[in-house]
1. Here is a list of conditions, (1) open to solvent by 30 Å² or more (accessible area, probe 1.4 Å); (2) touching a strand residue (DSSP E or B) at 6+ places or on another chain (Cβ under 8 Å), and Arg59 meets all of them except one; can you say which number that is?
2. Among Leu70, Leu54, which is the only one that is closer than 17 Å to Asp14 by Cα, of a type outside the set (Asp, Glu), out of contact with any Asp or Glu (no Cβ under 7 Å at 6 or more places or on another chain) and modelled with pLDDT of 95 or more?
3. Of (1) of a type in the set (Asp, Glu); (2) surrounded by 13 or more Cβ atoms within 10 Å (Cβ to Cβ); (3) without any contact (Cβ under 8 Å) to a residue 12 or more places away in the chain, Glu103 satisfies all except one. Which?
4. Restricting attention to region 18-41, which residues are surrounded by fewer than 17 Cβ atoms within 10 Å (Cβ to Cβ) and either touching a helix residue (DSSP H, G or I) at 6+ places or on another chain (Cβ under 7 Å) or among the small types (Gly, Ala, Ser) (or both)?
5. Condition first: open to solvent by less than 80 Å² (accessible area, probe 1.4 Å) and assigned to a loop (DSSP other than H, G, I, E, B). Now tell me which residues in region 71-94 satisfy that.
6. It is to be established whether one or more residues within region 130-145 are modelled with pLDDT under 90, loosely packed, with under 11 Cβ neighbours inside 10 Å and assigned to a helix (DSSP H, G or I).
7. Looking only at region 42-56, count every residue that is under 18 Å from Phe16 (Cα atoms) and buried (at least 16 other Cβ atoms within 10 Å of the Cβ) and tell me the total.
Amino acid sequence: AAATREPDDLPRPDRFDGFCTDTFAFLAELAAHNDRAWMDAERERYQFAVRGPLAELCRALAARYVEPVLNRQLGWDLETEAKSGRALSSVVRNDHGRTVPYESALWVTFYRRARGGKRDDVQLFVRLDARGVAAGLSLGRRAREAGRLFRRNVQQYAEPLYRALAATDAL
């Protein structure tokens with residue numbers, strides 16, 4: 001008889017089960033052995049330990065916060081699709097063979113679709129590399145207007161911003 005799945009066993013778009021130890025080991029090894037032959041031999045491992053969990057994190061953040069709060073409530077229209085060229089970066093470098101072929105740091109970036117590309121605006125990001133996971137807010141190199149607005153808002157709302165950051169231990 002086929003086993004039946006309990007409701008808790010079903011995949012949920014807002015669930016992230018975390019990274020494993022091999023996620024970080026893989027990224028360290030990729031940085032050390034960054035060539036096509038090594039990656040071809042390790043592709044299945046990459047999909048299981050790195051790409052799958054990173055896409056799962058992207059979908060969970062989108063489902064739990066970005067879509068309901070930032071997109072629907074605030075109307076920001078941030079890119080949330082868990083695909084390369086969208087909210088996820090690619091492991092393949094796009095530098096036409098001038099350096100190593102693969103990126104050993106990967107990103108989830110939520111950015112406003114209407115503002116051009118990721119580098120043209122402010123973005124919320126998650127960065128994954130061999131040392132761990134980091135998250136934050138970044139201004140693209142060409143995001144001058146977003147930078148001016150950000151600085152103005154930080155100045156105008158400095159006290160409540162400081163209190164909010166201190167309350168979350170972000171300082």
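The values are calculated or read from the model by the stated rules, or taken from the named source; none is laboratory data. For clarity, every value in this text was computed on a predicted model and none was experimentally measured. Cβ coordinates were reconstructed from backbone atoms using ideal geometry, including for glycine residues, and neighbour counts include every protein chain displayed. Ligands, DNA and RNA are stripped out before the accessible areas are found, and what is left, the full protein with its side chains, is counted by its heavy atoms. Shrake-Rupley method; radii C 1.70, N 1.55, O 1.52, S 1.80 Å.
1. Unmet condition: (2).
2. Working: Leu70 fails: modelled with pLDDT of 95 or more.
Of Leu70, Leu54, the one residue that is closer than 17 Å to Asp14 by Cα, of a type outside the set (Asp, Glu), out of contact with any Asp or Glu (no Cβ under 7 Å at 6 or more places or on another chain) and modelled with pLDDT of 95 or more is Leu54.
3. Tallying (1) of a type in the set (Asp, Glu); (2) surrounded by 13 or more Cβ atoms within 10 Å (Cβ to Cβ); (3) without any contact (Cβ under 8 Å) to a residue 12 or more places away in the chain, Glu103 fails exactly one: (3).
4. Gly18, Cys20, Asp22, Ala25, Ala28, Ala31, Ala32, Ala37, Ala41
5. Gly75, Asp77, Glu79, Thr80, Glu81, Ala82, Gly85, Ala87, Ser89, Ser90, Val91
6. No: region 130-145 contains no residue that is modelled with pLDDT under 90, loosely packed, with under 11 Cβ neighbours inside 10 Å and assigned to a helix (DSSP H, G or I).
7. Number of matching residues: 8.
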